[in-house]
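Okay, structure first, notes after.
The values are calculated or read from the model by the stated rules, or taken from the named source; none is laboratory data. None of these values were measured; they are calculated from a predicted model. Here the Cβ positions follow ideal geometry from the backbone for every residue, glycine too, while neighbour counts run over all protein chains shown.
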Amino acid sequence: MQVLKFGGTSVASAENIRKSIAIAAKAAAQSPVVMVVSALGGTTDVLIGAGRAAAATDAGYCDVLAQLHERHRAATQELLAGAAQHEKLAAITAQFGEIQMLCDGIFALGELSNRTLDKLMSYGELLSSRLIAAAAKAQGLPAGWADARQLIRTNSRFGSAEVDMAVTTRQVADMKDSSPAHIWVVPGFIGADAHGTTTTLGRGGSDYTAALLAAALDAEVLEIWTDVSGMMTADPRLVRSARPIARISYQEAMELSHFGAKVLYPPTIQPVMQRGIPLWIKNTFAPDDYGTLVEVEPPRTPAVVQGISSIGNLTLLNLEGSGMIGIPGFSKRLFEALARERINVILITQSSSEHSICVGVNAQDAAPAQVAVDEEFATEIAAGRIEPLRPEKELAIVALVGENMKDHPGISGKLFGALGQNGVNIRAIAQGASEKNISTVIRAADVRKAINVLHEAFFEATKKQVNLFILGPGNVGSKLLEQLARQQSHLLEKLGLQVRVVAIANSRHCLVDESGLDLTAWPEELAQAPAQTLEEFTQLIISRNLRNSIFVDVTANPAAAGIYANLLEKSVAIVACNKVAASSDYAHYAQLKSLAKEFNASYLFETNVGAALPVIGTLNDLTRSGDVVRRMEAVLSGTLNFVFNNYDGHRPFAEVVRQAQAEGYTEPDPRLDLNGSDVARKILILAREAGQVMEMSDIEIETFLPPACLEGDVEAFYTQMAAHEAHFKALYDAATAAGKRLKFVARYADGRAAVGLQQVASGHDLYDLRGKDNVVLFYTDRYVDQPLVVKGAGAGAEVTASGVFADIIRAARL
Ligand SMILES: NC(=O)C1=CN([C@@H]2O[C@H](COP(=O)(O)OP(=O)(O)OC[C@H]3O[C@@H](n4cnc5c(N)ncnc54)[C@H](O)[C@@H]3O)[C@@H](O)[C@H]2O)C=CC1
Ligand SMILES: N[C@@H](CC=O)C(=O)O
């Protein structure tokens, strides 16, 4: 004997019903089949809606019922022909007549009791099961219909009746003996009490009906046919990469279904588990898929965690007070008070200090729970020994489930680490001693992110999704986007990183696509995209709340640097080639560093000094390993090095500067390069990274520009440089006459730093520096006579973009 249950989607239309019958017929070739069916998908909700409308004296229920009638007629006309069709249509019309009368009664009374609602809802399964039995017979199958109300005996708790298993088993045995059918079609969800009054088993109860019948018949197998290919590692609506679990134990299936894996109604497992009947979850629309086999002892696999589930709509109730410590009976009174109100406790935690007990309940139970508990402890509250109950709302449980978690260290560590790195705050934790389930209570708004992060951590060791928000696709930014587009498959294959650019914004427009922007079409799309302020962009990043989010600042904008703190506090990593933040006042720089630590988010700005050269990384390696930087000598301006390497007194100085700008070496405002302030902020950043508390005002800047060049705008700057050509020629000639080269040098020693133009003699480390190169000489306790040297291209959009790219990868792999 086999029991096959077909859910609402599996019988939602004539076509689906045919598929379900075909599956049952195939099974029946092996042994007799009990086919438990739900109502045609959506029918129960329609019936409830009609009943509630009638109770609210809204006559709209008549139209709703007429539409439902029509749906059943249409399915009948497709499934049956000739006399069978006429007979069934007449029967359906008669049943809709009964439903109409019932609703008219509800309308007249203006009241809908649970008992009447059960009666009303039962029509859904009665209609579908009779139709399916008739359709199976019409196909020549040896099918018969059996009334679940004569099989499933319950008490009279309408709405979620409890089953009398002994009577049910007897009734099922009688029916089995008396029925000649090889395929019985039975309505799910419904039963009857001792007076024969119709009851229901709770939403999802058709699964339960099937499990009860399987247990009563001691069936070989219970198959739950649904619209997904088994129980998944996570809710596929939340996690795209969720996959079916092939084999799982009853305990694990129970935990997962209890915690939200809606593919199985939780009470279903108990009856079959008691008899060791295998339970198979299969997909009606992909019957060849393996599905999930729930059994006593599935084969052991290396998977420690089998699935991740969640339940939302949770409120935590915290009972707290010094009066609880060491006094027995508080928990008992708390749970009794909740039980009196029939409030189901979903999760319990108690601190070992016994100072507080925390329970999780359904949000709708929170208000009555609060009243009940505050009443129970009224005396202690009045005496100040206990605080009034404190509800915390808008929470959810996310749970890891797996029998192998037992005795397997490191699972909780990995769970907390993964959530912590993504700024998901854990409000409470519960883990039973059985270690089959580790439950965390988090903000409901974090559920999607948390489940995805955990799915990646436990099921996708080979893939991590990273979400980028890029501000300022100018010279550097657009090169970065090109590089990202080119390297996407490399990142996935070699580093297991699925890098998605979720948003690109400039000062005018913002382009967003949570599933990842097309990195070839973005320039045209951005031009058409809506406007957005920086504040809105910040809110976008925060509100999307995506896992592994990185804000990439490729602007030179001070306001952009102003949003880092806000983002770090939400565990969004920052990668910046914008130097404003790291060279702003020390307090701000230090705050960002400490926020990054506190919220486990990277704040990376390697390109702030020497573009993609490993300058800050090298310095960090030196200091982290205990070395002390005593002195630094450096050429840190690609622009100035290029200018002094290319200026020879023949081509005007201003023209060479224009070329540096055209080649993408200068700042968006080239005056910052020429007046020395870009170099000053770089040496400031290096001094800070070396451990020095310094401000910009501590750096001596010796400018070589005539003051007139710094008055007015950028065009005036170029005009003035042209007008002062003789000044630049004189600088050049003096150096050449001395057999030296001009270098704009940054020096740091003993907590003091200065930048300025120098004539550098041949043989000096800074002398032979080509093109737009930078060089940094580190003199430390370990590098005393000969410095540690970092040298190479120090400006240019392509190399800078590659440095930003490298920082993105560092942040992603944290
Ligand atoms: N060019 C180079 O060699 C290097 C550049 N950098 C840094 O890279 C950054 C970018 O430089 P470039 O790409 O050359 O500049 P750019 O001027 O070409 O690009 C900057 C982009 O930022 C956008 N932007 C400005 N303010 C904005 C705001 N408030 N909101 C949104 N977008 C805004 C602009 O629309 C533009 O698209 C600068 O901070 C520079 O210091 C760092 C190392 C080397
Ligand atoms: N404008 C800068 C670019 C890198 O920071 C330079 O010229 O070095």
Checking Ser322, Ser356, Ser351 in turn, the sole residue that is polar (S, T, N, Q) and without any contact (Cβ under 8 Å) to a residue 12 or more places away in the chain turns out to be Ser351
Regarding region 50-65, can at least one residue be identified that is part of a helix (DSSP H, G or I) and in contact with a Ser or Thr (Cβ under 8 Å, 6 or more places away or on another chain)? yes
Does region 778-801 contain any residue that is in contact with a helix residue (DSSP H, G or I) (Cβ under 8 Å, 6 or more places away or on another chain), part of a helix (DSSP H, G or I) and of a type in the set (A, V, I, L, M, F, W, C)? yes
Any residue that is closer than 30 Å to Val745 by Cβ and out of contact with any helix residue (DSSP H, G or I) (no Cβ under 7 Å at 6 or more places or on another chain) - is there at least one of those in region 533-555? yes
Looking at region 682-699, is at least one residue closer than 18 Å to Asn646 by Cβ and either assigned by TED's automatic domain parsing to the domain that holds Lys579 or within 16 Å of ligand 2 (Cβ to nearest atom) (or both)? no
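Here is a check on your reading of the model: is Glu297 of a type in the set (D, E, K, R), surrounded by fewer than 16 Cβ atoms within 10 Å (Cβ to Cβ) and not in a strand (DSSP E or B)?
yes
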Subset of region 531-571, residues under 22 Å from Ala590 (Cβ atoms), of a type in the set (Ser, Thr, Tyr) and away from ligand 1 (no atom under 16 Å from the Cβ), comes to Ser571
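Are any residues in region 17-57 of a type in the set (D, E, K, R) and either more than 16 Å from Leu117 (Cβ to Cβ) or touching a residue at least 24 places away in the same chain (Cβ under 8 Å) (or both), and if so, which ones?
Looking only at region 17-57, we keep the residues that are of a type in the set (D, E, K, R), and these are 18-19, 26, 45, 52.
Passing the criteria: Arg18, Lys19, Lys26, Arg52.
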Just to check your reading of the model, which residue among Gly477, Gly413, Gly417 is within 16 Å of ligand 2 (Cβ to nearest atom) and not in a loop (DSSP other than H, G, I, E, B)? Gly477
Restricting the search to region 2-15, which residues are surrounded by fewer than 23 Cβ atoms within 10 Å (Cβ to Cβ) and either outside the structural domain of Ala181 (by TED's automatic domain parsing) or assigned to a strand (DSSP E or B) (or both)? Gln2
So which residues in region 485-507 are within 16 Å of ligand 1 (Cβ to nearest atom), modelled with pLDDT of 95 or more and surrounded by fewer than 22 Cβ atoms within 10 Å (Cβ to Cβ)? Asn506
Tell me, yes or no, whether region 625-645 has at least one residue that is touching a Gly at 6+ places or on another chain (Cβ under 7 Å), away from ligand 2 (no atom under 12 Å from the Cβ) and either under 22 Å from Leu766 (Cβ atoms) or part of a strand (DSSP E or B) (or both). yes
Residue within region 725-743 that is within 16 Å of ligand 1 (Cβ to nearest atom), at pLDDT 95 or above and buried (at least 19 other Cβ atoms within 10 Å of the Cβ) present: no
Say whether the condition of being assigned by TED's automatic domain parsing to the domain that holds Arg342 and assigned to a strand (DSSP E or B) is met by at least one residue in region 420-428. yes
Anything in region 761-805 that is farther than 24 Å from Val628 by Cα, away from ligand 2 (no atom under 14 Å from the Cβ), surrounded by fewer than 17 Cβ atoms within 10 Å (Cβ to Cβ) and not charged (D, E, K, R)? List them, or say none. Ala761, Ser762, Gly763, Tyr767
Can you tell me which of Gly763, Gly794, Gly803, Gly751 is within 48 Å of the chain's Cα centre (by Cα) and on the phi > 0 side of the Ramachandran plot? Gly751
Looking only at region 199-234, filter to residues that are in contact with a Ser or Thr (Cβ under 6 Å, 6 or more places away or on another chain) and acidic (Asp, Glu); which one of those is surrounded by the fewest Cβ atoms within 10 Å (Cβ to Cβ)? Asp227
State the number of residues belonging to region 449-477 that are surrounded by fewer than 19 Cβ atoms within 10 Å (Cβ to Cβ) and not aliphatic (A, V, I, L, M). 4
Would you point out the residue of region 771-790, among those that are farther than 11 Å from Val745 by Cα and within 16 Å of ligand 1 (Cβ to nearest atom), that is nearest to the chain's Cα centre (by Cα)? Val790
Give Ala74, Ala50, Ala54 a once-over and let me know the one that is among the hydrophobic types (A, V, I, L, M, F, W, C), within 43 Å of the chain's Cα centre (by Cα) and farther than 21 Å from Ile190 by Cβ. Ala74
Give region 598-627 a look and list any residue that's at pLDDT below 95 and either closer than 24 Å to Val775 by Cα or of a type in the set (D, E, K, R) (or both), or say none. Glu598
Restricted to region 601-624, and to residues that are in a helix (DSSP H, G or I) and among the hydrophobic types (A, V, I, L, M, F, W, C), which residue is nearest to Leu468 (Cα to Cα)? Ile616
Within region 661-694, considering residues that are within 12 Å of ligand 1 (Cβ to nearest atom), touching a residue at least 24 places away in the same chain (Cβ under 8 Å) and surrounded by fewer than 18 Cβ atoms within 10 Å (Cβ to Cβ), the one nearest to Pro707 (Cα to Cα): Asp669
